[in-house]
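These notes concern the structure reproduced below.
The values are calculated or read from the model by the stated rules, or taken from the named source; none is laboratory data. These numbers were taken from a predicted model, which means no experiment stands behind them. Cβ atoms come from the backbone with ideal geometry, glycine included; neighbour counts cover every protein chain shown.
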Amino acid sequence: MKLGVLMLASATAVPAYAKESHMNPLRIALPDVELTIDPHAMEDAYSMLLVLQVHRGLFRYSPEGDVLPDLVESWEERDGGRRYLFRLRDATFSDGTKITSVHVVHSLARIFERGASIGADIEAIKGAKTFRSTKRLADLGVRAVSTRVVELELERPSSLILKQLAAADCAILRLDGDSPVEGTLPATAPGAGPYKVTTWGAAKIILEKWRPDHLDSEAPPAHIEVTVGGKSALEQALADTNDVLDWDVLDEKTTHSLKTKGWRAYVTDLTLERFVILNPARIPLEVRRYLFKKTDQQALAKAVGKSSVSPAYGVIPSGVPGALDAKDMEALKAAIPTSTPKGKVRLQHIVGTPGASFEFSAWLKAAWEAPGFEVELAPLDHNTLLTDMFKGTGEALIGGKGLDYFDGYSVLTYFRSSYDSNYFHVKSPAIDAELDAAATILDPALRHRRYRAIQHDILREYTVIPLVFGGYSAGLWSERVQHVPPHPGGLHTLPLETVKMR
Amino acid sequence: MNKDLMPMVALLRRSFRASVVPFVVGLIILAAAYSGWEGYHDAQRTTALVAGHATAVATAAISSQDLLSVQREIKRFGDALRDDGHARMTADISIDGAVIAQLRPSGDVRPPTIDLVRKSQLPNGRELIVTVETSLWGSVWRWLAIAMTVSLAGFGMMLASDVTHRLFVHRVVDPMLDAVRQVATIASRVDVATAEDLDVPHSSVSEVEDMVVAVRCLVSALERHRHDAAAATKALVDRERENARNEAVARLTQVLAHDARKPMSHLKIMLSMLARESDPQRFRTAVGRYADRVEESMARFDALVRDVLDSGASLALDTRDVSLIDLVMSARYATQTADSVTFRFDISSVARLRIDEQRILRVLGNILDNAVQAMDGRGVITFMAQPTRSDMITLGISNSGTFIPREDLDKLFTPFFTKGKRSGTGLGLAIAERIVTAHGGAIWCESDASIGTTFWMTLPSAHCDWGCKPEERRAADIV
């Protein structure tokens with residue numbers, strides 16, 4: 001039946017499915033950021049939100065973060081976890097092209113060719129390091145066994161490979177030609193997701209639903225209309241031109257206004273972490289340790305005053321296996337001598353969003369300052385923050401990060417020294433070795449224990465100070481939306497076809 | 001059966017033996033006496049006949065004065081008598097002492113004979129005397145022949161009875177006696193008693209009675225035996241169960257002791273190494289390496305202890321929503337296998353389960369451990385899932401190449417039942433059943449020599465917040 005629907009959709013100039021549902025677009029207002037639909041080039045959560053709707057991989061995540069088979073029908077694990085065989089289900093891209101194992105090989109190869117951050121996670125694929133330099137597909141342990149069967153060979157067993165393949169970064173793309181791993185992906189390139197890009201502009205992006213999906217709600221959005229830049233999301237929400245607010249903690253007055261308009265809250269962003277990044281090139285170890293010790297996560301979470309916000313004691317979100325707890329943080333702080341350095345630190349932070357009720361920078365300044373030690377606040381915009389983070393040019397930055405996929409390892413790999421996405425200034429061969437070793441541990445309990453040890457090592461570099469986890473940002477949806485599943489990973493992990501429109 | 005065959009036959013046999021000679025003798029005497037009596041009456045009748053005829057002839061002759069006619073008539077009369085069967089007699093007819101005629105129908109008369117005289121008065125006043133000598137031989141002979149025939153018949157009957165007796169004894173009584181003895185023996189065996197204890201009479205009036213008594217004894221003994229056997233069987237089962245329990249407890253204790261020692265010894269080695277290690281990097285490496293081992297062995301010990309605790313106490317489940325695939329993958333990765341084991345996943349279901357994850361992981365772990373042990377390091381383990389009802393999911397784990405006999409399938413979930421396993425407490429599958437049942441599900445096993453063994457279980461599906469019924473969905477007021 002599904003095949004029939006898909007064939008009909010691909011054979012008709014104007015898909016019948018899209019014709020039926022013009023009436024209920026979901027409107028999302030995003031800040032003025034440089035968005036991409038290329039899963040191997042995205043570095044921000046907004047792009048990930050769009051990629052997730054347009055592209056699909058062998059596996060996917062449910063709104064709750066469960067791994068589900070997507071383009072895969074069944075699979076086998078052989079040779080003690082060193083070899084996988086994936087059998088593809090019958091599926092097409094939005095232009096009607098049948099998805100084959102060649103698309104899978106080319107798409108996974110492109111991750112390494114483009115140096116995408118997920119490559120740090122799936123380095124266990126055999127020949128990945130060699131392929132990054134040779135660019136020869138024969139060197140990579142991904143092979144097309146037949147049109148519908150793909151073989152994936154690993155250097156070492158990995159219990160994370162399915163979770164990693166379910167990440168939006170591992171989307172299967174419609175790549176053809178003799179040099180499939182080269183080139184950039186056009187914004188309107190067909191994908192395997194239930195939405196396709198019909199408009200891609202600097203200020204407006206429109207996605208159209210072209211096929212049903214097995215996670216569809218009863219009334220999924222027929223269109224997703226994204227406005228980029230311009231008025232803030234909150235202003236657009238109050239003006240009834242935005243249906244989603246995902247980033248801001250709102251004051252009581254604003255909250256009341258939205259509630260009056262019929263907005264509702266759903267569980268979201270529980271895995272999002274706020275942290276301070278300390279640049280060791282600019283801040284001496286003594287100061288970094290002082291700031292680390294002086295940051296009381298419990299007091300901070302209490303000051304935020306939201307039940308959905310919890311103290312962050314490590315880099316793996318609380319509730320995710322392998323997370324640290326208060327005792328770990330106490331032990332880390334106890335090892336730091338009590339002394340106040342002389343000097344000053346420059347804390348960079350995004351300028352407060354209108355209506356936001358809590359300013360982390362102000363709270364930190366109060367907590368850190370002491371006689372002889374000063375904290376200077378330096379406001380900056382979102383794009384500058386990203387630039388400073390990735391180029392390592394900032395001094396002390398307040399940043400945020402969600403999960404790429406639902407395993408603590410997805411956070412830990414950000415601390416791998418060999419990848420650009422490591423903006424935490426942790427360059428430790430010992431930690432790299434620990435990460436490699438952790439990936440080989442198949443028993444989840446043992447692996448999670450190793451995660452804890454790795455976090456201790458990361459935090460002892462004193463370049464990152466955990467602050468809080470969770471939805472200090474609201475998951476607010478307008479009255480035009482009837483239902484949204486809980487999505488603890490944040491909006492960027494939510495398949496929008498699961499949203500039910502009125 | 002109130003009348004016995006054997007005494008009757010024996011009585012007949014004894015009676016025949018005891019009475020045949022007197023009977024024959026008596027019969028002969030009787031025959032002789034009867035033949036004498038009959039001969040006498042015949043003689044009387046013949047004498048009367050002769051005398052009457054002679055008188056008539058003589059009277060007629062007196063009238064005619066022709067005495068010669070008397071002789072002729074007498075002679076004709078004699079011939080007639082002979083023709084009538086009265087040949088064995090002679091008669092002298094005399095008048096006044098002078099014999100006037102003699103009858104000799106068949107010549108000599110053989111003894112014994114009887115003489116009878118009949119006198120009559122002739123019309124002329126003269127006395128006619130008829131003297132008849134009749135032979136008794138014919139009658140004696142006839143009756144002796146009858147007696148002999150009867151005697152022979154008696155002997156024949158005796159012989160027949162003897163033969164019959166022998167045949168009866170051989171064909172009926174002896175087998176019956178054997179049967180009695182066998183019954184008695186069986187009774188004695190089943191009752192662990194002697195035949196005497198069973199009160200089986202060997203010299204009673206009849207074998208049939210013996211048989212009846214023996215059968216009654218046997219029935220009684222069997223009845224007693226049935227009760228005793230039931231009691232003995234129960235005692236034996238109890239004893240075996242006790243032995244099995246003791247053995248299981250001993251095995252469990254051994255396993256617990258062994259697994260408790262393992263982390264201790266790892267800790268000991270680690271501590272001794274750490275005490276000698278001064279380099280921080282190597283110190284950390286050593287800690288990391290041994291901590292994993294300690295953790296692993298302690299986790300195994302902890303799982304064992306939980307097994308023991310769960311086997312006795314009531315289960316308080318700590319349920320939450322769990323992804324089916326995450327659950328399956330966790331179970332798979334917690335299972336150590338040889339490289340030659342292939343795992344196949346036929347799971348297209350997007351379902352979530354509402355379960356006590358740790359406990360269900362133990363269930364899956366137990367099944368997988370058993371499968372891996374049974375496969376001897378080679379083959380395919382397949383995970384399958386399909387929705388059973390709207391609120392239940394059926395999860396299957398199959399392994400190739402092993403077969404569980406039908407008679408063992410029902411025992412698999414019995415505590416302490418083990419077969420062919422080198423280690424283990426025998427509690428795994430029993431606890432698995434408890435855990436699955438506590439979730440409101442069921443667990444069962446199917447095994448086929450050509451396919452392998454599959455464990456199936458039904459588990460409750462979780463509340464679904466997408467692609468599910470509207471009334472099940474949650475929404476929250478803005479906070």
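Of note:
- Selection count, segment A:306-331, where residues are away from chain B (no Cβ under 14 Å) and assigned to a strand (DSSP E or B): 2
- Answer from B:Met264, B:Met298 - the residue that is modelled with pLDDT of 70 or more and under 22 Å from A:Tyr451 (Cβ atoms): B:Met298
- For segment A:431-445, the set of residues classified as farther than 18 Å from A:Glu155 by Cβ and part of a helix (DSSP H, G or I) consists of A:Ile431, A:Pro444, A:Ala445, listed by residue number.
- Some residue of segment A:334-355 being over 30 Å from A:Thr255 (Cα atoms), of a type outside the set (Ser, Thr, Tyr) and assigned to a helix (DSSP H, G or I): yes
- Those residues of segment B:427-450 which are part of a loop (DSSP other than H, G, I, E, B), over 42 Å from the mean Cα position of the chain (by Cα) and surrounded by 17 or more Cβ atoms within 10 Å (Cβ to Cβ), in sequence order: B:His439, B:Gly441
- Those helices (runs of 4 or more DSSP H) lying entirely in segment A:1-104 with at least 3 residues at pLDDT below 80: A:2-11, A:16-20
- Residue tally, condition hydrophobic (A, V, I, L, M, F, W, C) and surrounded by fewer than 20 Cβ atoms within 10 Å (Cβ to Cβ), over segment B:85-99: 3
- Of all residues in segment B:424-443, those that are within 14 Å of B:Leu395 (Cα to Cα) have Cβ atoms under 8 Å from Cβ atoms of residues that are among the small types (Gly, Ala, Ser), 6 or more apart or on another chain, in B:Val436/B:Ala442; B:Ile443/B:Ala432.
- Count of segment B:312-337 residues, restricted to those that are in contact (Cβ under 8 Å) with a residue 12 or more places away in the chain, aliphatic (A, V, I, L, M), within 7 Å of another protein chain (Cβ to nearest Cβ) and in contact with a strand residue (DSSP E or B) (Cβ under 8 Å, 6 or more places away or on another chain), is 1.
- Number of the condition not met by A:His448 [criteria: (1) within 14 Å of chain B (Cβ to nearest Cβ); (2) touching a helix residue (DSSP H, G or I) at 6+ places or on another chain (Cβ under 6 Å); (3) in contact (Cβ under 8 Å) with a residue 40 or more places away in the chain; (4) in a helix (DSSP H, G or I)]: (2)
Per-residue answers, yes or no, for (1) farther than 30 Å from A:Pro485 by Cα; (2) under 26 Å from the mean Cα position of the chain (by Cα); (3) among the hydroxyl-bearing types (Ser, Thr, Tyr):
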residue	(1), (2), (3)
A:Tyr266	no, yes, yes
A:Val276	yes, yes, no
A:Asn279	yes, yes, no
A:Val287	yes, no, no
A:Lys306	no, yes, no
A:Gly319	no, yes, no
A:Glu330	yes, no, no
A:Ala335	yes, no, no
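- Residues of segment B:339-357 that are at the interface with chain A (Cβ under 7 Å from one of its Cβ atoms), over 24 Å from A:Asp213 (Cβ atoms) and not basic (Lys, Arg): B:Asp339, B:Thr342, B:Phe343.
- Scanning segment A:424-462 for residues that are acidic (Asp, Glu) and surrounded by 20 or more Cβ atoms within 10 Å (Cβ to Cβ) yields a single hit, A:Glu434.
- The set of residues in segment A:464-501 being surrounded by fewer than 23 Cβ atoms within 10 Å (Cβ to Cβ) and in a loop (DSSP other than H, G, I, E, B) consists of A:Ser478, A:Glu479, A:Arg480, A:Pro486.
- Filter pass, A:Leu58 being of a type outside the set (Ser, Thr, Tyr), over 18 Å from B:Leu324 (Cβ atoms) and more than 10 Å from chain B (Cβ to nearest Cβ): no
- Look at (1) closer than 19 Å to B:Ala48 by Cβ; (2) not in a helix (DSSP H, G or I) and you find that B:Arg110 fails only one, number (1).
- Residue match in segment B:96-107 (condition: under 14 Å from B:Leu49 (Cβ atoms) and either within 60 Å of the chain's Cα centre (by Cα) or at pLDDT below 80 (or both)): yes
- Selected residue (criterion: farthest from the other protein chains (Cβ to nearest Cβ)) from residues of segment A:407-435 that are without any contact (Cβ under 8 Å) to a residue 40 or more places away in the chain and of a type in the set (D, E, K, R): A:Lys427
To keep it simple, each residue is scored yes or no on (1) in contact with a Lys or Arg (Cβ under 9 Å, 6 or more places away or on another chain); (2) without any contact (Cβ under 8 Å) to a residue 24 or more places away in the chain; (3) surrounded by fewer than 22 Cβ atoms within 10 Å (Cβ to Cβ); (4) within 28 Å of A:Pro194 (Cβ to Cβ).
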| site | (1), (2), (3), (4) |
| --- | --- |
| A:Arg82 | yes, no, yes, no |
| A:Thr97 | yes, no, yes, yes |
| A:Ala116 | yes, no, no, yes |
| A:Ile125 | no, no, no, yes |
| A:Lys129 | no, yes, yes, no |
| A:Thr134 | no, yes, yes, no |
| A:Val149 | yes, no, yes, yes |
| A:Glu153 | yes, no, yes, no |
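- Of the strands (runs of 3 or more DSSP E) lying entirely inside segment A:153-239, not one carries at least 3 residues that are touching a Phe, Trp or Tyr at 6+ places or on another chain (Cβ under 8 Å), more than 30 Å from A:Tyr451 (Cβ to Cβ) and charged (D, E, K, R).
- The set of residues in segment A:69-84 that are among the hydrophobic types (A, V, I, L, M, F, W, C) and more than 8 Å from every other protein chain (Cβ to nearest Cβ) comprises A:Leu71, A:Val72.
- Scanning segment A:436-445 for residues that are more than 11 Å from chain B (Cβ to nearest Cβ) and under 15 Å from A:Gly408 (Cβ atoms) returns a single hit, A:Ala439.
- For segment B:147-162, filtering for residues that are crowded, with 16+ Cβ neighbours inside 10 Å and closer than 23 Å to B:Gly36 by Cα leaves 3.
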